[in-house]
C-alpha cells in the first residue's frame, strides 16, 4: 500500500494490519496473527515515518518499498534510537528514509506465511541480542510483505504451549485409562488363554495316538481283507452301508485337518499370551521371531487382500526385553505399512490399473555381538521429507481423526529408545516405499521399568 499521498491520520485499522484468519491451534502459522502492512516509499522523509509511528503506537515498524518492490524495514525501536543520537533529528528527519535504512544495516528475518508460530518464535529468539526483539517480516507473496511484532509472536507461542500442555494432559489421561483397561483385559486374556490352552494341548496330544490307532486299524483291516478275500453278503452290505472304502481314504485327511486347526488355535493362544503381557514390568528372555510371528497372527485378517509377507529371519539369540511392548511396536509399524499399501492399492484401482505387488518384508540380523536389527519394509508410495522428519512427533499424523491419533509411532519410538535403549530409524522416498529399522541391544537382566 502506497501512503505517499495519504494523510497519516486517515490510516484506518484495516489499512494498518490484516486480522487473524483463525483461532490459535497447535499447528497455527504466522497467518493466524495480526500482521501490520503499512508501506512507505523509500524517498519519503524520516519526519513522515515518525508521524506514522506516532499516530499508531502499536505499529512495530514500517515496510519500505521502491515502487512495487520490497526494499526493507525500519522498526520502531531502530527509528527512535537513531533519532535520539546526537544530531539524529537534523540528519534523518528531512532526508529520505532510505538513508537511515542504509546506515542501520538491520538484519532482516523473513519467513514465509506458512511458517508455524512456534518455529517462527524459535527463529526470532535465535537472532543476535541487538536484533532479537526486532519485528519479523512475513512474506505473503513475491510483492506482499507484512510485519509481526515479536512480543505478539511470543505471546502466541505461550498460548500454543498452553494448548499443547492441555492436549498432552488429556491424552495422558486417556493413555492412563487405556493402560488400565489393557491391564484388566490382559488379565482376562491370560486367563482365557490358559483355559483354552489345556484342552487344546489335550487334543494335540491325543491326535498322535489317533494317528497311531488309525494306522493299526488300517493294517488289521487290510490283513483281514487279504485273509478273507470273499466277504459274506452281510459283510459286503455292511461295508457299502458305512462306505468303508471312503472312510479309509478320507480319515487321514480329516485327522490332518484337525491337527492343523489345533496348531492354529495353539498359535492364537500363544499370541494372546504375548499380548496379555503388554503391561509387564519386568524384562524376560524373548524369541524375537516368535514375537513378530505372534503379531502377524493377531493382524492376519488385515493381510488377506493380496499383501505378500516376506520373512527373512537371521540367526538371532533370545533378547532380554519387554516382549509385550515390542509386540506393540511391531503392531504399530506393521499396521502403518498395511495402511500405506492399502492406500496405494486404492490409488492404483482409481487409475484403472491392478497393482499386484503389495509387499511387506521383515528382515532380522545381527549387527554386532551386542545388537540386532529388525527391518520392516513396504513398497507403498513412501513419504516426502517434511512428513518423514516429523513422523515420531507426538500427535503428528496424516490420517483423519477417526483413523489416527498421532501417538502410535511416538510411543513406539519411546519404547525402543527409552525402555530398551535402542534406536528406531526411518528411511523413505516417494514412490520407493518406507523402511523402519529397529536396533535393539541383546540386553541383560533388569528388575523392572525405570
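Read-outs: derived from the displayed coordinates by stated rules, not from any lab. As the structure is a computational prediction, the values presented were derived from the model and not from experiment. Cβ sites come from the backbone with ideal geometry, for glycine too, and all protein chains shown count toward neighbours.
How much FRET efficiency would the formula 1/(1 + (r/R0)^6) give for residue 426 and residue 255, where r is the Cβ-Cβ distance and R0 is 56 Å, rounded to 0.05?
With R0 = 56 Å, the Cβ-Cβ based efficiency is 0.75.
Could you work out how far apart the two model spin labels at residue 417 and residue 201 are, taking each label as a point 7 Å from the Cα in the direction of the beta carbon, and quote it in nm?
4.2
Once you keep just the Cα pairs under 8 angstrom separated by 6 or more residues, what percentage relative contact order results for region 8-148?
Relative contact order here is 27 percent.
Normalised by the empirical 2.2 N^0.38 Å for globular proteins, what value does the Cα Rg of region 8-148 take?
Relative to the rule-of-thumb radius for its length, region 8-148 sits at 1.05.
Starting with the highest mean, order 424-431, 363-370, 32-39 by the number of other Cβ atoms within 10 Å, averaged over the residues of each peptide.
Output ranking for 424-431, 363-370, 32-39: 32-39, 424-431, 363-370.
Taking Cα centroids, how far is region 320-373 from region 60-128 in Å?
With region 320-373 and region 60-128 each reduced to a Cα centre, they are spaced 52 Å.
Given labels modelled 7 Å from the Cα in the Cβ direction, how far is it in nm from residue 386 to residue 301?
In this crude label model, residue 386 to residue 301 measures out at 3.7 nm.
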